[in-house]
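This report refers to the structure that appears directly beneath it.
The values are calculated or read from the model by the stated rules, or taken from the named source; none is laboratory data. Small disclaimer: the values here were computed from a predicted structure and weren't measured. Using ideal geometry, Cβ is built from the backbone for each residue, glycine included, and neighbour counts are taken over all protein chains shown.
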Amino acid sequence: MFARKTFGWIFIILLAVVAVLFVVRAIWNSATNASLERYLEKAAAAGVPLKFADLGPACPDNATAAPLWKAADALLDLGSLKVAAKGGSPISEWLNAGPIEESVRAAFAAAIAKNRRAIDLFLESADRACGRDPGRKAAVRDPRDLMNRLWAVRMIGAEAVLKAKAGDVNGGLEECLKGLKFVRLALDEPGLIDGLVSISEMKVLLVCLGRVLDGNIVDPKALHPFFDALLSEDWRGKFGRYVRSERVFALETGATALRSGRAALWLTRPLLRSRLVKYLGVFDEMDRIDGLPLAERGRAILEFDRRAENPSWLDRFSERLLPQELRAGDPTMGATALKEATLEALMDTARIGLAARIYRAREGRWPESAAALIPEFLAKEPLDPFTGKPFIYRANETGILIYSLGANLKDDGGRGTYQITQLVMPKDDDWAWRDSFR
């Protein structure tokens, strides 16, 4: 009898606990749902994009480069490309101005021949008006979709260098120019991953352009088209657009998770929704920082990243409830800002270098400084994005060297170790343009 009463009381207590938990869960769920609704209403009132269609209109079907890219992707033989660039070392040697061994040259030539049609389709896309895919309906994107294009860009840069080494410098320049234009089109896609891959591709092509030109005689007229293709203003300030795209990505992914019918998720849905609201607030903070004056922006980015890299225990716990795509913790700004800055440094030093080459062809000597190229060749003197000061410019009888101090803010004498990974990831030495033409 005693045992029966005990179990009866335990059962009643458990029922009461369950009832209390359900009530608490219902209240919490209502509160977090209201919080998310308030966020969305406030964001909509402020004109913040909340769905993919809000990020801008797609290109007309007859103007977009996307169909050509998709067709090229389907034709690429990645196996031959990876064999040619085994370990990345051959391309690294080229980018560091190392000699190109005959076996390496032959391997790349074979890979290029095998992928000729795909490469030509990518280059053909340079003449299209825009790169937005009219068939894309969501911000969510598999990064692997862009890896084929990155490999193709490496082949384009490699082929341009091979042409120049074989004496066809103009052919190498033409291929570089088309490559630069088609990579620029990729900025029409709003996603962060699209932008980061495009930045990496642009860096590869810029370094290959330097190798095509270095020490070779070129008609100055062949250099003029590059000034439009190398306008760093086209790439500057894209971070704000990436923030808007990533916010939409978070909303799309979070909404999918919240609609899940799994019982475990039903119990933790209020915590997931609460975490999502906080996660969305991170993008609002990014927007605020992106609008700060340049002098304040750098310090604010460092502080933002410091907080993001040291989350609280509750954030670390609740992050496990997020969909896999959002489990990287709060996004950081520094890495993306650094990549934008390094690309700007490479583009602007290249523009100065090309202008100096044209000046030399006319005057018979290198200009004494980048300022001497204003206003005939450059509307204004580009500034090092890391220092806010003019780039280091050195000219002598052996050629010119123009460089940015880079993220470490130290003068490394223009030394740049252009490994493939460093074109994608941050690095500590200088970002330079050199031309040994005498």
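Can you pull out every residue in segment 130-147 that is surrounded by fewer than 19 Cβ atoms within 10 Å (Cβ to Cβ) and in a helix (DSSP H, G or I)? The answer is 144, 145, 147. Based on this model, can you work out whether residue 72 counts as assigned to a helix (DSSP H, G or I) and not assigned by TED's automatic domain parsing to the domain that holds residue 185? Here the answer is no, as residue 72 does not meet what is asked.
I'd like to know if segment 182-194 contains one or more residues that are modelled with pLDDT of 90 or more and of a type in the set (A, V, I, L, M). Within segment 182-194, one or more residues are modelled with pLDDT of 90 or more and of a type in the set (A, V, I, L, M). Of everything in segment 413-438 that is closer than 21 Å to residue 337 by Cβ and modelled with pLDDT of 75 or more, the residue that is surrounded by the fewest Cβ atoms within 10 Å (Cβ to Cβ) is 432.
I'd like to know if segment 231-238 contains one or more residues that are among the aromatic types (Phe, Trp, Tyr) and assigned to a helix (DSSP H, G or I).
Start the filter on segment 231-238 by keeping residues that are among the aromatic types (Phe, Trp, Tyr), which leaves 235.
Then keep just the ones that are assigned to a helix (DSSP H, G or I); that gives none.
No, there is no match, as no residue in segment 231-238 is among the aromatic types (Phe, Trp, Tyr) and assigned to a helix (DSSP H, G or I).
If the condition is being within 18 Å of residue 65 (Cα to Cα) and buried (at least 19 other Cβ atoms within 10 Å of the Cβ), then segment 112-129 contributes 118, 119, 121, 122, 123, 125, 128. For segment 29-63, the set of residues classified as aliphatic (A, V, I, L, M) and surrounded by 12 or more Cβ atoms within 10 Å (Cβ to Cβ) consists of 31, 36, 40, 43, 44, 48, 50, 53, 55, 58, 63, listed by residue number. Cβ separations smaller than 7 Å between residues 6+ apart or across chains give the following pairs from segment 211-222 residues that are over 15 Å from residue 399 (Cα atoms) to residues that are surrounded by fewer than 17 Cβ atoms within 10 Å (Cβ to Cβ): 220/361; 222/170.
Residues in segment 161-171: is at least one touching a helix residue (DSSP H, G or I) at 6+ places or on another chain (Cβ under 9 Å), part of a helix (DSSP H, G or I) and without any contact (Cβ under 8 Å) to a residue 40 or more places away in the chain? Yes, segment 161-171 contains a residue that is touching a helix residue (DSSP H, G or I) at 6+ places or on another chain (Cβ under 9 Å), part of a helix (DSSP H, G or I) and without any contact (Cβ under 8 Å) to a residue 40 or more places away in the chain. Here residue 139 fits the description: within 30 Å of residue 246 (Cα to Cα), in contact with a Pro (Cβ under 9 Å, 6 or more places away or on another chain) and not assigned by TED's automatic domain parsing to the domain that holds residue 247. You will find that of 348, 384, the residue that is free of Cβ contacts under 8 Å to residues at least 40 places away in the same chain, outside the structural domain of residue 203 (by TED's automatic domain parsing), closer than 18 Å to residue 406 by Cα and of a type outside the set (Gly, Ala, Ser) is 384 and no other.
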